[in-house]
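Note sheet for the following structure.
The values are calculated or read from the model by the stated rules, or taken from the named source; none is laboratory data. Given the structure is predicted, the values throughout are model-derived calculations rather than measurements. Cβ placement follows ideal geometry from the backbone for every residue including glycine, while neighbour counts extend to all protein chains displayed.
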Amino acid sequence: MKIIMSRKGFDTSNGGLPSPILPDGTLLSMPIPSPYGRPYSEMYHNGINYAHILSSLGYRGNMVTGHLDPDIRPNVMSSKIKSWKPLLGQVSSSQGVLRNRNVGVGDLFLFFGCFQEVDSMFRYQPNTIPKHIIFGYLEIADVVIDPSAIKEYSWHPHADMTGIVNNTIYIAANRLSLNPDLPGAGVLDYREDQVLTKENNKWYVWDENKLPFLTQEHLCKSVRRYNPSDGGIVIADKTGQEFVYNESDELCNWARSLVNA
């Protein structure tokens, strides 16, 4: 099993803001602004639409549609989708990274994004800072590349992207190999062990002492920027989305501990 650290959701490059950590610990990843997607006003969390949440956070972008991907949280859309299942889409060079590293059935995505604590009114809490945090996972059961087959997942934004090179959809397994009692995809609430960011550092500096299995030598065919003066693993740059790691017992045990709690 290869592990893919997959950067998703709002951050300084996409949307311009961190996604919110809600007072109950929910890590609510905000779909990035995109013409391939649905209106934020049609996406909901506990009866509150994403357009209202983003406005409260301070989002002032012109784009009113969001790219809900990965789509791993049930019942986000206001219109119920009977055939819904957890999916992830990817295109272009980012999909090339996955294809060239033979990512496929049985491999595991761990989704991380930039998050910050908010209050009950979706306002960022004072004296808090953005952090990279793992918020979800998806084990691959199938990889769909045929454009006509992709269109069958009509609710997913990549169904409208079949003209873009390397357009691909990853379908979640029914059960998780690391723990068959768990579904093959899901979201995680906030816990300290999901935080990648090194304490008292910028969100993109990860803790090499806590996460030695995520250092450069464990990456599959990739080179990431690293500067010892930054004091950590500088691996989540502004353009990289998919970071594929070679299989190891330490890495799999870490992934199991994240999803089991």
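For the condition at pLDDT 95 or above and outside any loop (DSSP other than H, G, I, E, B), Ile134 qualifies. Restricting to the stretch 202-218, and then to whatever is out of contact with any Cys (no Cβ under 6 Å at 6 or more places or on another chain) and of a type in the set (Phe, Trp, Tyr), can you tell me which residue is nearest to Pro20 (Cα to Cα)? Filtering the stretch 202-218 for residues that are out of contact with any Cys (no Cβ under 6 Å at 6 or more places or on another chain) and of a type in the set (Phe, Trp, Tyr), the one nearest to Pro20 (Cα to Cα) comes out as Tyr204. Considered as a group, the residues in the stretch 122-146 that are of a type in the set (D, E, K, R) and crowded, with 17+ Cβ neighbours inside 10 Å include one that is farthest from Met30 (Cα to Cα), and that residue is Glu139. Can you confirm whether Gly96 is at negative phi and among the small types (Gly, Ala, Ser)? Yes, satisfied. For the stretch 35-55, the criterion of being surrounded by 15 or more Cβ atoms within 10 Å (Cβ to Cβ), within 23 Å of Pro147 (Cβ to Cβ) and touching a His at 6+ places or on another chain (Cβ under 8 Å) is met by at least one residue. Considering the stretch 1-14, the residues that are surrounded by fewer than 22 Cβ atoms within 10 Å (Cβ to Cβ) and in contact (Cβ under 8 Å) with a residue 24 or more places away in the chain include one that is farthest from the chain's Cα centre (by Cα), namely Met1. Here Val105 does not qualify as closer than 24 Å to Met1 by Cβ, at pLDDT below 95, β-branched (Val, Ile, Thr) and out of contact with any Leu (no Cβ under 9 Å at 6 or more places or on another chain).
Residues of the stretch 186-201 include at least one that is modelled with pLDDT under 95 and either in contact with a Cys (Cβ under 7 Å, 6 or more places away or on another chain) or hydroxyl-bearing (Ser, Thr, Tyr) (or both).
Number of residues in the stretch 65-90 that are in contact (Cβ under 8 Å) with a residue 40 or more places away in the chain and surrounded by 17 or more Cβ atoms within 10 Å (Cβ to Cβ): the value is 13. The condition of being modelled with pLDDT of 95 or more and either of a type outside the set (A, V, I, L, M) or in contact with a strand residue (DSSP E or B) (Cβ under 6 Å, 6 or more places away or on another chain) (or both) holds for only one of Ile129, Ile169, that being Ile169.
Taking the stretch 147-161 as the range and being surrounded by 18 or more Cβ atoms within 10 Å (Cβ to Cβ), hydroxyl-bearing (Ser, Thr, Tyr) and not in a loop (DSSP other than H, G, I, E, B) as the test, no residue passes. The set of residues in the stretch 44-65 being farther than 19 Å from Phe115 by Cα and either touching a Pro at 6+ places or on another chain (Cβ under 7 Å) or charged (D, E, K, R) (or both) consists of Met63, Val64, Thr65. Looking at this structure, is Arg60 surrounded by fewer than 23 Cβ atoms within 10 Å (Cβ to Cβ) and in contact with a strand residue (DSSP E or B) (Cβ under 7 Å, 6 or more places away or on another chain)? Considered against the rule, which asks whether it is surrounded by fewer than 23 Cβ atoms within 10 Å (Cβ to Cβ) and in contact with a strand residue (DSSP E or B) (Cβ under 7 Å, 6 or more places away or on another chain), Arg60 comes out as no.
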